[in-house]
Amino acid sequence: QVQLVESGGGLVQPGGSLRLSCAVSGTMFRINGMGWYRQAPGKQRELVAVFTSGGSTKFADSVQDRFTISTDNAKNTVYLQMNSLKPEDTAVYYCNAGGPQYGYWGQGTQVTVSS
């Protein structure tokens, strides 16, 4: 059974940082297609960052140069480092393995950016 378990969300002030973690179990850990998505209240779920073929990365324009995505293959874990956070980054963040249409999802972790 494939499981993705996110952690690391919370409340942070504007300009602060958070690191989200996603531990993957029950399947072979493949970087290609691993990514993070987010959903703010009243909005559709959107891509934040994802590993594409060959280990390249793709980021939403709104987080480019502020967020980074990385993995620890020994721990079957993918990370999302979020710096210079803004109130508009407030959302539930979801880890995904295998793509948004047919892949697996974690339960989500809440990130709130507020003073």
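Averaged over its residues, the range 37-115 has an accessible area of 55 Å² per residue, based on protein heavy atoms and a 1.4 Å probe. Where the centre of each part is set by its Cα atoms, how far does the range 1-27 sit from the range 85-115, in angstrom? Their Cα centres are 8 Å away from one another.
Of the solvent-accessible surface of the chain, computed with a 1.4 Å probe over protein heavy atoms with every protein chain present, carbon and sulfur atoms account for 46 percent. Placing dummy labels 7 Å off each Cα toward the beta-carbon, the span from residue 105 to residue 74 is 3.3 nm. Taking 7 Å steps out from each Cα toward its Cβ at residue 5 and residue 83 produces label points 3.0 nm apart.
List the relative contact order of the chain as a percent without decimals, with contacts defined as Cα pairs under 8 Å and 6+ residues apart. Write down the numbers at each step before the final one.
Working: 281 pairs, mean separation 42.1, N = 115.
Normalised by residue count, the contact order of the chain is 37 percent.
When the charge dipole of the range 1-89 is built from unit charges on Cβ atoms (+1 for Lys and Arg, -1 for Asp and Glu) and taken about the Cα centre, the candidate among 37, 57, 1 whose Cα reaches farthest toward its positive end is 1. Semi-axis lengths, largest first, of the ellipsoid equivalent to the chain are 22, 14, 13 Å, with √(5λ) applied to each eigenvalue of the Cα gyration tensor.
The values are calculated or read from the model by the stated rules, or taken from the named source; none is laboratory data. Everything numeric here is computed off the predicted structure, so don't read it as measured data. Positions of Cβ are backbone-derived with ideal geometry, glycine not excepted, and every protein chain shown enters the neighbour counts. Ligands, DNA and RNA are excluded from the accessible area calculation, which covers all protein heavy atoms including side chains. Shrake-Rupley method; radii C 1.70, N 1.55, O 1.52, S 1.80 Å.
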